[in-house]
Number of protein chains: 2
Amino acid sequence: MPRSTRPPSSKPGPVTLAMVARRAGVSPQTVSNALNAPGLLRPETLERVRATVDAMGYRPHRAAQTLRTRSSKLIGYGIRPTAPGATAPVMDRFLHALSQAADEAGYRILLFASPPGSPGLDGHEELLDLHSVDGFVLSGTDRGDPRQAWLAGRGVPFVGFGRMWSGRQIGDWADVDGASGTDAAVDHLVAQGHRKIGFLGWPRGSGVGDDRAEGWRRAMRRNRLPVRGRRAQSLDDLAAARAASGPLLDTGVTAVVAASDMLALGCYQALRDRDAVPGRDVAVIGFDDSPAAALLSPGLSTVAQPLEAVGHECVRLLLARMAAPDAPPERVLLEPSLVIRDSTPPPGG
Amino acid sequence: MPRSTRPPSSKPGPVTLAMVARRAGVSPQTVSNALNAPGLLRPETLERVRATVDAMGYRPHRAAQTLRTRSSKLIGYGIRPTAPGATAPVMDRFLHALSQAADEAGYRILLFASPPGSPGLDGHEELLDLHSVDGFVLSGTDRGDPRQAWLAGRGVPFVGFGRMWSGRQIGDWADVDGASGTDAAVDHLVAQGHRKIGFLGWPRGSGVGDDRAEGWRRAMRRNRLPVRGRRAQSLDDLAAARAASGPLLDTGVTAVVAASDMLALGCYQALRDRDAVPGRDVAVIGFDDSPAAALLSPGLSTVAQPLEAVGHECVRLLLARMAAPDAPPERVLLEPSLVIRDSTPPPGG
């Protein structure tokens with residue numbers, strides 16, 4: 001090949017505009033304005049930025065400056081590693097949809113690996129510094145998520161796939177109304193003639209899981225039915241789901257609303273453990289419409305998230321935020337839809 | 001948010017180095033050399049590039065030039081959209097592994113949506129022009145794939161996850177030895193006591209599918225067993241797999257090697273259609289260790305691809321190619337591994 005050697009790991013250059021911005025506690029755009037359009041800044045901000053530029057010895061290269069202040073057309077997205085053999089089909093389908101929606105808008109998704117448990121702030125910082133991403137899409141948002149405040153504090157546009165589940169809401173987000181999904185699942189089962197409808201959930205404390213539990217609870221109350229549930233001891237572990245299903249089935253339910261398809265599958269197994277037939281003896285409905293749902297016997301009725309629409313909304317909200325940084329936040333809650341297969345016939349079905 | 005407005009769709013700038021390279025029919029590095037190290041080029045190439053630079057009015061901006069010839073630390077990857085509800089768990093797991101391996105090497109994956117059926121050359125071009133990616137990882141390689149020749153012709157480093165399946169081999173690749181996987185599946189079934197082992201495959205003509213069929217065939221011959229197979233009429237469609245399984249089961253096989261887990265699942269359904277029990281009445285082994293394999297009843301024995309290793313190899317090969325463009329091509333064939341669950345007991349289960 002004719003291309004000649006490049007050092008594969010050349011260091012990033014000297015002091016960058018992003019480093020000045022961080023030190024001065026302002027956005028990169030503000031530093032750029034200080035250099036190119038100082039009249040836009042308040043005098044005290046201009047002075048602070050200029051002092052930082054001097055102190056750090058930042059040399060604004062005219063061409064680099066032009067390149068940097070122009071949109072990079074890149075959107076950063078942290079992808080979580082999955083354990084070998086495991087998958088995260090919802091997040092993977094979302095990434096496909098997001099990538100497609102970004103392409104259609106003339107943007108590209110820049111991935112960085114965001115290890116589980118780590119908020120990934122280092123990754124965000126590097127994408128800002130080295131690649132000048134225009135903004136971020138956050139997924140897997142949960143209680144105490146530090147990313148939104150970190151990005152907002154730096155004036156970096158972002159949008160969450162998922163709400164802030166506690167504290168002050170920060171920034172724009174698009175999310176799926178999980179409570180509405182489990183609520184609709186209960187109504188479907190009630191219409192089929194079920195009255196004893198149990199809930200198989202996740203351990204308390206996850207925003208998504210508690211939301212799905214709440215939808216079941218409110219629908220049961222609205223239908224004047226007894227509220228009894230059982231939470232599995234861990235998230236999306238088949239053995240835990242199977243173990244948690246036993247005591248729930250012991251209560252004599254004729255139908256189970258599960259907070260995930262994996263939990264529903266654990267319930268299938270618990271039913272077979274007692275020589276009962278899923279669907280026929282106890283109706284089961286899952287959540288997420290994962291690939292396995294259509295493949296199971298009986299086919300699992302489930303609640304599907306509109307992931308293509310979420311991907312499009314995320315890109316739309318992010319671009320709107322880039323265009324109008326000071327506009328009021330916009331939050332979009334999308335309706336999931338029921339996918340009825342063979343696992344939710346009438347009682348004794 | 002303090003960040004001020006940016007035009008969300010500012011046009012790319014004037015004539016770029018990549019545009020000159022394309023017009024002159026040389027690599028971007030060659031254009032760079034013409035400007036910065038003309039002594040490296042043959043005189044006729046130098047003259048052609050200089051004439052193109054003049055004709056197009058290209059102005060090599062010193063800083064932009066520095067930025068452009070320095071590594072962008074970006075690797076381009078085309079992601080195929082999946083139909084709503086569908087998933088591609090193998091490719092998704094590979095992308096996770098690739099993203100992780102790239103991060104560890106100080107690189108990032110830049111995604112572009114590559115529609116099915118399109119070779120996605122426009123996407124490659126745009127990533128080169130607008131984002132100066134250092135190279136590409138290609139997946140879903142198949143017969144007649146135009147991408148390798150296109151990239152090689154432009155001197156752009158790339159590595160394939162997957163072989164060229166026909167014609168001249170171009171460039172570096174890492175792949176999984178599918179034939180070795182189905183071969184090992186046959187040996188496992190033979191060791192269990194099976195002799196009538198059928199193959200349930202894809203329609204002829206896909207490189208991956210034919211490779212998996214070949215491994216079954218050679219293992220059957222080596223074991224001096226009769227070679228009888230049946231190919232489904234479409235790729236990864238459950239109804240087609242179920243339909244193709246019937247005639248194969250009619251031949252009296254006691255075990256089936258399927259070219260994918262989806263095909264194996266179609267075989268499960270065909271067995272149940274005739275009131276037979278998968279595993280107990282006919283052993284079934286799949287390919288890919290998809291998430292559903294572990295969830296089925298009985299758990300599906302299958303062949304697992306070492307996707308984490310493939311991701312690491314792809315990054316390693318690509319970085320080596322960037323460092324030594326003229327080194328001979330390197331090709332890595334990785335061994336898959338058997339995952340034995342409950343679907344492959346001895347005959348009569």
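Before we move on, is residue B:139 without any contact (Cβ under 8 Å) to a residue 60 or more places away in the chain and either facing chain A (nearest Cβ under 9 Å) or under 15 Å from the mean Cα position of the chain (by Cα) (or both)? In short, no. In summary, residue B:153 fulfils each of the numbered conditions (1) under 27 Å from residue B:209 (Cβ atoms); (2) without any contact (Cβ under 8 Å) to a residue 40 or more places away in the chain; (3) surrounded by fewer than 18 Cβ atoms within 10 Å (Cβ to Cβ) with the single exception of condition (1). In the range B:243-254, of all residues being under 31 Å from the mean Cα position of the chain (by Cα) and under 20 Å from residue B:214 (Cα atoms), the one that is surrounded by the most Cβ atoms within 10 Å (Cβ to Cβ) corresponds to B:245. Take residue A:83 and tell me if it is at pLDDT below 90 and either at the interface with another protein chain (Cβ under 9 Å from one of its Cβ atoms) or not in a strand (DSSP E or B) (or both). Considered against the rule, which asks whether it is at pLDDT below 90 and either at the interface with another protein chain (Cβ under 9 Å from one of its Cβ atoms) or not in a strand (DSSP E or B) (or both), residue A:83 comes out as yes. Within the range B:204-242, the set of residues being touching a strand residue (DSSP E or B) at 6+ places or on another chain (Cβ under 6 Å), at pLDDT below 90 and not basic (Lys, Arg) comprises B:229 only.
One line per residue, one yes/no per condition, for (1) among the basic types (Lys, Arg); (2) within 16 Å of residue A:306 (Cβ to Cβ):
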residue: A:143; (1), (2): yes, no
residue: A:150; (1), (2): no, no
residue: A:161; (1), (2): no, yes
residue: A:165; (1), (2): no, no
residue: A:169; (1), (2): no, no
residue: A:173; (1), (2): no, yes
residue: A:176; (1), (2): no, yes
residue: A:186; (1), (2): no, no
residue: A:194; (1), (2): no, no
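Residues of the range A:281-310 that are within 19 Å of the chain's Cα centre (by Cα), among the aliphatic types (A, V, I, L, M) and closer than 19 Å to residue A:248 by Cβ: A:303 alone. Here residue A:194 clears all of (1) in a strand (DSSP E or B); (2) at pLDDT 95 or above; (3) in contact with a Ser or Thr (Cβ under 8 Å, 6 or more places away or on another chain) except the condition numbered (1).
Any residue at all in the range A:29-47 that's under 30 Å from residue A:99 (Cα atoms), more than 7 Å from chain B (Cβ to nearest Cβ) and at pLDDT below 80? Yes, the range A:29-47 contains at least one residue that is under 30 Å from residue A:99 (Cα atoms), more than 7 Å from chain B (Cβ to nearest Cβ) and at pLDDT below 80. Considering only residues of the range B:192-211 that are under 17 Å from residue B:245 (Cα atoms) and buried (at least 17 other Cβ atoms within 10 Å of the Cβ), which is farthest from the chain's Cα centre (by Cα)? Looking at residues that are under 17 Å from residue B:245 (Cα atoms) and buried (at least 17 other Cβ atoms within 10 Å of the Cβ), I get B:197. Among residues of the range B:148-164 being part of a helix (DSSP H, G or I) and more than 20 Å from residue B:72 (Cα to Cα), the one that is nearest to the chain's Cα centre (by Cα) is B:148.
In this structure, residue B:257 does satisfy being buried (at least 23 other Cβ atoms within 10 Å of the Cβ), touching a residue at least 24 places away in the same chain (Cβ under 8 Å), assigned to a strand (DSSP E or B) and not aromatic (Phe, Trp, Tyr). With the structure loaded, tell me whether residue B:212 is assigned to a loop (DSSP other than H, G, I, E, B), touching a helix residue (DSSP H, G or I) at 6+ places or on another chain (Cβ under 9 Å) and within 30 Å of residue B:152 (Cα to Cα) or whether it fails that test. Spelling it out, it is not the case that residue B:212 is assigned to a loop (DSSP other than H, G, I, E, B), touching a helix residue (DSSP H, G or I) at 6+ places or on another chain (Cβ under 9 Å) and within 30 Å of residue B:152 (Cα to Cα).
Of all residues in the range A:166-191, those that are more than 13 Å from residue A:331 (Cβ to Cβ) and crowded, with 17+ Cβ neighbours inside 10 Å total 12. When residues in the range A:263-307 are screened for being surrounded by 24 or more Cβ atoms within 10 Å (Cβ to Cβ), within 9 Å of another protein chain (Cβ to nearest Cβ) and either modelled with pLDDT of 90 or more or part of a loop (DSSP other than H, G, I, E, B) (or both), 6 of them pass.
Can residue A:169 be described as within 13 Å of chain B (Cβ to nearest Cβ), polar (S, T, N, Q), within 18 Å of the chain's Cα centre (by Cα) and not in a strand (DSSP E or B)?
Values: within 13 Å of chain B (Cβ to nearest Cβ): no; polar (S, T, N, Q): yes; within 18 Å of the chain's Cα centre (by Cα): yes; not in a strand (DSSP E or B): yes.
The answer is no for residue A:169.
Once the range B:176-191 is narrowed to residues that are part of a helix (DSSP H, G or I) and among the β-branched types (Val, Ile, Thr), the residue that is nearest to the chain's Cα centre (by Cα) is B:182.
Okay, residues lined up against (1) assigned to a loop (DSSP other than H, G, I, E, B); (2) polar (S, T, N, Q); (3) in the same structural domain as residue B:183 (by TED's automatic domain parsing); (4) out of contact with any strand residue (DSSP E or B) (no Cβ under 8 Å at 6 or more places or on another chain):
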site: B:315; (1), (2), (3), (4): no, no, no, no
site: B:321; (1), (2), (3), (4): no, no, no, no
site: B:332; (1), (2), (3), (4): no, no, no, no
site: B:338; (1), (2), (3), (4): no, no, no, no
site: B:343; (1), (2), (3), (4): yes, yes, no, no
site: B:348; (1), (2), (3), (4): yes, no, no, yes
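In the range B:314-330, the residues that are away from chain A (no Cβ under 11 Å) and surrounded by fewer than 17 Cβ atoms within 10 Å (Cβ to Cβ) reach residues that are outside any helix (DSSP H, G or I) and not aliphatic (A, V, I, L, M) with C-beta atoms within less than 8 angstrom, at least six apart or across chains, in these pairs: B:330/B:172.
The values are calculated or read from the model by the stated rules, or taken from the named source; none is laboratory data. Source: prediction; values computed, not measured. No Cβ is skipped: glycine too gets one built from the backbone with ideal geometry, and neighbour counts run over all protein chains shown.
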